[in-house]
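Laboratory data are not the source of any read-out in this text; all were calculated from the coordinates shown. As the structure is a computational prediction, the values presented were derived from the model and not from experiment. All Cβ positions, even for glycine, are placed from backbone atoms using ideal geometry, and neighbour counts span all protein chains on display.
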């Protein structure tokens, strides 16, 4: 399949990897697993202490990267026309909102509907007012207006970013027209407005920051401004490279070195945030502008890097992950909470001796999920009563005790009854009861 001439493959990888890192952070929040990689992994290279803990523990910063990419992509048609008068006109107002609605609303409202049917109940709230307020905030993309619909929501917590994104869509058509005429002035105004809002409303006297305010739309104006300015530089650099690149072999090498430098700067910045866990939200909002600016530098030099380096971000796997990233982002927190209910990963077990038990537990839950899918199929095909046999029973007490001594879970076989209708909640409870959490004495 031939790609469009305006296709930017590297953005697939940046978007996909950013969402995976954010999901890794949320997984770390639920499990608190650390030291997943051996500290001596790179000892043969002279690195004595290797650690990738900064990847999941600072993954929240990559939410900013996703919003940055949004500002970049939305302004890209305007930037192309600014650098090439023959470029196609940007979408008119009606087409713009139609495309945004078609991309965001169906999956989003389907998620809300399923949550209202299966998980969210008025009894989960202190009163009916909070229940209706939470629903209203999510229906109108105003989750970050109230703490009850941001921190205390019963819907997927990651949906607040879509609220910020939709608020940006509302002002973007006007903002893009001003930015096209006065790019540097508009960028400076957005950056200053974001910093003023952060100082006046997000900073707390104790030295930290308020979790609600740091994730409200005005606090991201600088990130969006960086993305829009990056799109303009991106188009101008591409035109300059087409003219100068073939005549100078030093420039691609220089671009690669600057790409590595910007990547190292991002890693150092995230490690700095890891060392400030006590005031992490203050660090997050204070370094948001600088972090997003460095990501812009990374994007610009990645586009100029050798094809082999670009392939890491523009291959087919990255393109697929980018294509499904939106729906993955909507549902990933729900999946992680289910895994937590099933004790996956095992809490309190940083490594080593817990891995065998963890693998067997995952196999058991995988079998459970297979039964759920099979049962659902039977429920559709035989609505008048299909029954799928999939049960678990304990082995004799002596064998069970011996197994539990080595790996503290109960070994089971694969017989019994699983009903095609309504088996999920009861069966999940059964698995949770049979596969108890590892005692603390098992792990060092």
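For residue 98 and residue 272, the FRET efficiency from 1/(1 + (r/R0)^6), where r spans their Cβ atoms and R0 equals 56 Å, is about 0.85. On full extension, the segment bounded by residue 110 and residue 87 gains 4.6 nm, given 0.36 nm per residue less the C-alpha separation. In this rough spin-label picture, where each label sits 7 Å from Cα along the Cβ direction, the residue 171-residue 256 distance is 4.2 nm. Modelled spin labels at residue 210 and residue 118, positioned 7 Å past Cα toward Cβ, are 3.6 nm from each other.
Relative contact order of the range 55-176: what whole-number percent is it, with Cα pairs under 8 angstrom and at least 6 residues apart? Kindly include the intermediate steps, with their values, before the conclusion.
Values: 61 pairs, mean separation 24.8, N = 122.
Normalised by residue count, the contact order of the range 55-176 is 20 percent.
From the P(r) of the range 91-248, could you give the percentage of C-alpha pairs in the tail past 29 Å? Each step should come with its number before you reach the end.
Working: 4431 of 12403 pairs.
For the range 91-248, the share of Cα pairs beyond 29 Å comes to 36 percent.
For the range 157-205 versus the range 86-136, the spacing of their alpha-carbon centroids is 21 Å.
If R0 equals 35 Å, the separation of the Cβ atoms of residue 236 and residue 327 corresponds to a calculated FRET efficiency of about 0.55. Using the Cβ-Cβ distance between residue 43 and residue 307 with R0 set to 25 Å, the FRET efficiency works out to roughly 0.20.
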